[in-house]
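Undergrad: If you scroll down you'll find the structure; I have some questions about it.
The values are calculated or read from the model by the stated rules, or taken from the named source; none is laboratory data. Quick caveat: nothing in here was measured; it's all calculated off a predicted structure. So basically every Cβ, Gly included, is an ideal-geometry build from the backbone, and we count neighbours across all protein chains shown.
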Amino acid sequence: MAEVRYEQATRVYPGTDSPAVDSLDLEIGDGEFVVLVGPSGSGKTTALRMLAGLEEVDAGAIFIGERDVTDVTPKDRDVAMVFQNYALYPYLTVAANIAFPLRIARVPKAEREKRVHEVATMLGLADYLERKPGQLSGGQRQRVAMGRAIIREPSVFLMDEPLSNLDAKLRVQMRADIAALQVRLGTTTVYVTHDQSEAMTLGHRVAVLRDARLQQFDTPRTLYARPANTFVAEFIGSPSMNLCRLPVEHGALAFGGVDIAVPEAVRNGHAELIVGLRPESLALASDGCGALVEVIEEIGADTHVFCAAVIAGRDTKLVARVPTNVAPHQGERVHLRPAGGEVHFFDPESGIRLS
């Protein structure tokens, strides 16, 4: 096991002017499970491949433990990677696929068989060792790919969207299995996904990337409760945070007829602010911001109410999370008020958090 450190790590693909990863600084603790998340093109997969040695580092450095691996070949970095497409050998059995790294390392046959049995038992594959990948389900093939990584006992596991080919129910189960397995093994793990729900449920800490730059690196709870900017505020959380640009008048923001007090330190001469409210921080009320219900999304005990409103002269989309037993109907006129949850304030130009 080992810590991982990116120091101003940059990758610029030939023929392009903009970096795919731009001056990435990231410290991942020994035994930590860190998720890199962001939209397509944010640089998360490139960052992972730089750590694996599959992409060059054009500037900066990458360390595994105390060793600078910036120019070390992939096979000498002591990492194991699990790919989105499993990358199994179709003509080999499950046992042979799992054992392949040991065979390449010339581990004696008896030791290989012993370790294959241990890993297969850990992953629930003991009854499938003689099957070929084509005879397995998607979830089973993913377990084989993980087994092949685990058997190497590397310093770092790298996982590149390993669950994206699975159906929704199996993804949820595999998420739980991967989290439990990582705790059991205690191996430093770097995991890439575009799914913020997956990132929030798996990572000890989550690195949010956008346009090749790191936006925020913190625990899932902190990302949700104190997003560093409007991008993180919108990207983390489902549904995303309601963001409204409002004028500051007499030390407050007028949210559709409801005044939201602004701390003096936040006002700091701003004529406008962006205010953020999570869906659970908006409640149905007898008065307040008038809105038209456009979509109702029932999720069991709670319902997401998607509304259209006009706030400060701007057409605005709002979403509230309310108990299902009091949810309105589509097409109904309602009033919404801030409901005691935390109010977030952001700079209207930079989008940086002010509170």
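Undergrad: Find the residue count for region 332-347, including only residues that are part of a strand (DSSP E or B) and surrounded by fewer than 17 Cβ atoms within 10 Å (Cβ to Cβ). Before you say what the answer is, go through the steps one by one.
TA: Applying the first criterion (part of a strand (DSSP E or B)) to region 332-347 yields 333-338, 344-346.
Subsequent filtering for residues that are surrounded by fewer than 17 Cβ atoms within 10 Å (Cβ to Cβ) retains 333.
Qualifying residue count, region 332-347: 1.
Undergrad: Would you point out the residue of region 260-312, among those that are among the small types (Gly, Ala, Ser) and within 21 Å of residue 354 (Cα to Cα), that is nearest to the chain's Cα centre (by Cα)? Walk me through how you get there before you give the answer.
TA: Of all residues in region 260-312, those among the small types (Gly, Ala, Ser) come to 261, 265, 269, 271, 276, 281, 283, 285-286, 288, 290-291, 300-301, 308-309, 312.
From what is left, the residues that are within 21 Å of residue 354 (Cα to Cα) are 261, 265, 269, 271, 276, 281, 312.
On the way: 261: 33, 265: 32, 269: 35, 271: 34, 276: 21, 281: 23, 312: 33 Å.
Restricting to residues being among the small types (Gly, Ala, Ser) and within 21 Å of residue 354 (Cα to Cα), the top hit is 276.
Undergrad: Where residues in region 300-313 are in contact (Cβ under 8 Å) with a residue 24 or more places away in the chain and in a loop (DSSP other than H, G, I, E, B), which of them is surrounded by the most Cβ atoms within 10 Å (Cβ to Cβ)?
TA: Out of the qualifying residues, it is 312.
Undergrad: Can you report the number of residues in region 210-227 which are of a type in the set (A, V, I, L, M, F, W, C) and either at positive phi or assigned by TED's automatic domain parsing to the domain that holds residue 318 (or both)?
TA: Step one: filter region 210-227 for residues of a type in the set (A, V, I, L, M, F, W, C), giving 212, 214, 217, 223, 225.
Retained after the next criterion (residues that are either at positive phi or assigned by TED's automatic domain parsing to the domain that holds residue 318 (or both)): 212.
Residues meeting the conditions: 1.
Undergrad: While we're looking at this one, here's another question. Quick test for you: out of 26, 54, pick the one residue that is surrounded by fewer than 21 Cβ atoms within 10 Å (Cβ to Cβ) and touching a Phe, Trp or Tyr at 6+ places or on another chain (Cβ under 6 Å). Working first, answer last.
TA: Working: 54 fails: touching a Phe, Trp or Tyr at 6+ places or on another chain (Cβ under 6 Å).
Matching residue, one of 26, 54: 26.
Undergrad: Another one. Would you please list the contacts, defined by Cβ atoms under 9 Å and residues six or more apart or on different chains, that run from a residue in region 318-336 that is under 17 Å from residue 255 (Cα atoms) to a residue that is outside any strand (DSSP E or B) and of a type in the set (S, T, N, Q)?
TA: Sorted first by the residue in region 318-336, then by its partner, the pairs are 319/240; 320/281; 335/286.
Undergrad: Related question: On the basis of being farther than 21 Å from residue 116 by Cα, surrounded by fewer than 19 Cβ atoms within 10 Å (Cβ to Cβ) and out of contact with any strand residue (DSSP E or B) (no Cβ under 6 Å at 6 or more places or on another chain), does residue 180 make the cut?
TA: Details: farther than 21 Å from residue 116 by Cα: no; surrounded by fewer than 19 Cβ atoms within 10 Å (Cβ to Cβ): yes; out of contact with any strand residue (DSSP E or B) (no Cβ under 6 Å at 6 or more places or on another chain): yes.
Here the answer is no, as residue 180 does not meet what is asked.
Undergrad: Could you grab me the full set of residues in region 147-167 that are without any contact (Cβ under 8 Å) to a residue 40 or more places away in the chain, over 22 Å from residue 121 (Cβ atoms) and more than 19 Å from the chain's Cα centre (by Cα)?
TA: If the condition is that a residue be without any contact (Cβ under 8 Å) to a residue 40 or more places away in the chain, over 22 Å from residue 121 (Cβ atoms) and more than 19 Å from the chain's Cα centre (by Cα), then no residue fits.
Undergrad: Here's something else I'd like to know. Would you confirm whether any residue within region 78-99 is β-branched (Val, Ile, Thr) and farther than 30 Å from residue 131 by Cβ? Spell out the reasoning first.
TA: Residues of region 78-99 that are β-branched (Val, Ile, Thr), as a first pass: 79, 82, 93-94, 98.
Now restrict to residues that are farther than 30 Å from residue 131 by Cβ: none.
No - not one qualifying residue is present in region 78-99.
Undergrad: Sticking with this one: Looking only at residues that are touching an Asp or Glu at 6+ places or on another chain (Cβ under 6 Å) and not basic (Lys, Arg) in region 196-240, which one is modelled with the lowest pLDDT?
TA: Within region 196-240, the match that is modelled with the lowest pLDDT is 240.
Undergrad: For region 39-144, please list each of the helices (runs of 4 or more DSSP H) lying entirely inside it that holds at least 1 residues being in contact with an Asp or Glu (Cβ under 8 Å, 6 or more places away or on another chain) and of a type in the set (D, E, K, R).
TA: So the answer is 44-52.
Undergrad: Does region 29-37 contain at least one residue that is assigned to a loop (DSSP other than H, G, I, E, B) and either of a type outside the set (Gly, Ala, Ser) or buried (at least 23 other Cβ atoms within 10 Å of the Cβ) (or both)?
TA: Initial filter on region 29-37 (assigned to a loop (DSSP other than H, G, I, E, B)): 29-32.
Narrowing further to those that are either of a type outside the set (Gly, Ala, Ser) or buried (at least 23 other Cβ atoms within 10 Å of the Cβ) (or both): 30, 32.
Within region 29-37 (the criterion being assigned to a loop (DSSP other than H, G, I, E, B) and either of a type outside the set (Gly, Ala, Ser) or buried (at least 23 other Cβ atoms within 10 Å of the Cβ) (or both)), the answer is yes, since at least one residue qualifies.
Undergrad: Check residue 350 against each of (1) over 24 Å from the mean Cα position of the chain (by Cα); (2) assigned to a loop (DSSP other than H, G, I, E, B) and name the one condition it does not meet.
TA: That leaves (1) as the condition not met.
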